[in-house]
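**Student:** First the structure, then my questions, so here it is.
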């Protein structure tokens, strides 16, 4: 009996915010709240918005809608390339900033996250609950989500900002000497450790002008619930959007899946481990494109689609791929209505520090890898196997992802989308 090979999906993603200070102010009294962080003992300004509750389901919906907007905006600008983002990772990073913002800056971030009128503590508590739910042990799935703040030595935080970010987000907050060569290695090692070595050297250098970095890192690694068989992997053509073709190894599996299709696309759910996490694939029909799918991406439609899945027998063929994607989200967020955070004259992060600051850059990096592991099976002709269906062809579906498609990795328990993106050209 031949061995089957596990197809392992590995991904890491990271969101990095770079803040810059300006207009040096008079010295303020600093107290030590942590051995590696400094805080100014001042009362934060009053929150502008009236108190409003936010449960975990509402939080996930806001993160999902936020992710769809980001994905759609990036596709319009960079639609000719592979795009991969982590809505949950970016939303958490923006939530950290939200805690330090006030005035118009706070209003813009609230609108972006769709949390206008929500009490900050309610937002923080929902994020805390979600983080605890996600950062637990799972069968055949390793998932870690972590936050950190790295500040120039001597930079002072508001006490409440430190307290809330450590309490709700378990954030590592550290003051470093950015002129020391060791500091760069400390930050990169933290990222490397949290992403299990998948993302290395996220930062190439530190400048004396750098002041503050907010980093959210996520690592996911999962084995399929039902393995693919390496012996069924064959080279096949992938049709690129420019009309050309490239040959890639396609993984194949015939069996039962949760599946649904409409006039625009086919979609299938391929579970990891015990089924809590799944890879969702969306393949446009031959006369459609991924833009036709993205144009329909809303929280309401997403929920309706998932409710229409049913178990069906069919054949799924996926190109093996390894994608690394990096983007500066500055212009994307500007197009979504967030502009003051990037302006020296307008940014209001007075709840983060007594010293004026603004966002210099936002770096988001993702890595998604599907590869084969385990002992090789005895060789035989895979084409012969494909011609011998395991099930009756009646009422079966066939989903061959041989043209640009959309993929998403989702936590089926919390409904959180860990990653969503488009594969235009497998790598």
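**Student:** Between residue 144 and residue 196, what length comes free when the chain is fully extended (0.36 nm per residue of separation minus the Cα-Cα distance, one decimal in nm)? Don't jump to the answer; show the numbers that get you there.
**Tutor:** Details: separation 52, 0.36 × 52 = 18.72 nm, distance 0.91 nm.
Full-extension gain reported as 17.8 nm.
**Student:** Sort 202-211, 264-273, 415-424 by packing, meaning the average of other beta carbons within 10 Å per residue, with the highest value first. If you can, show how the numbers build up before the last one.
**Tutor:** Numbers: 202-211: 14.1, 264-273: 20.1, 415-424: 22.1.
Order by mean packing, descending: 415-424, 264-273, 202-211.
**Student:** I would also like to ask the following. Test of understanding: extend the Cα→C-beta vector of residue 208 to 7 Å, then name every residue of region 172-187 with backbone N under 16 Å from that spot.
**Tutor:** Of the residues in region 172-187, 177-181 have backbone N under 16 Å from the label point off residue 208.
**Student:** While we're looking at this one, here's another question. Report the full-extension gain for the segment residue 159 to residue 225: residue separation times 0.36 nm, less the Cα-Cα distance, to one decimal in nm.
**Tutor:** Values: separation 66, 0.36 × 66 = 23.76 nm, distance 4.59 nm.
Going from the current span to full extension adds 19.2 nm.
**Student:** For region 175-217, what relative contact order do you get, as a whole percent, if you take Cα pairs closer than 8 Å and at least 6 residues apart?
**Tutor:** Values: 32 pairs, mean separation 16.6, N = 43.
Relative contact order comes out at 39 percent.
**Student:** Roughly what would the spin-label model give for residue 72 and residue 170, points 7 Å off Cα along C-beta, in nm?
**Tutor:** Once both label points are built, they end up 3.4 nm from each other.
**Student:** What does the highest-first list of 307-317, 167-177 look like by mean Cβ count within 10 Å? Display every interim value, and only then the final one.
**Tutor:** Details: 307-317: 15.1, 167-177: 18.9.
Ranked by mean Cβ neighbours within 10 Å, highest first: 167-177, 307-317.
**Student:** What's the ranking of 227-237, 294-304 by average number of surrounding C-beta atoms within 10 Å, highest first? Intermediate results must be reported in sequence, preceding the final value.
**Tutor:** Numbers: 227-237: 17.2, 294-304: 14.7.
Output ranking for 227-237, 294-304: 227-237, 294-304.
**Student:** Taking a ≥ b ≥ c as the square roots of the Cα gyration tensor eigenvalues, with a/c under 1.5 meaning rounded and otherwise prolate when a/b beats b/c, else oblate, which class fits region 278-361? Could you put the intermediate results ahead of the total?
**Tutor:** Numbers: a/c = 2.94, a/b = 2.50, b/c = 1.18.
Prolate, because a/c is 1.5 or more and a/b exceeds b/c.
Every number in this text was worked out from the coordinates using simple rules, so none of it is lab data. Predicted model only: the values in this text are computed from it and were never measured. Here the Cβ is made from the backbone with ideal geometry for all residues, glycine too, and neighbour counts use every protein chain on show.
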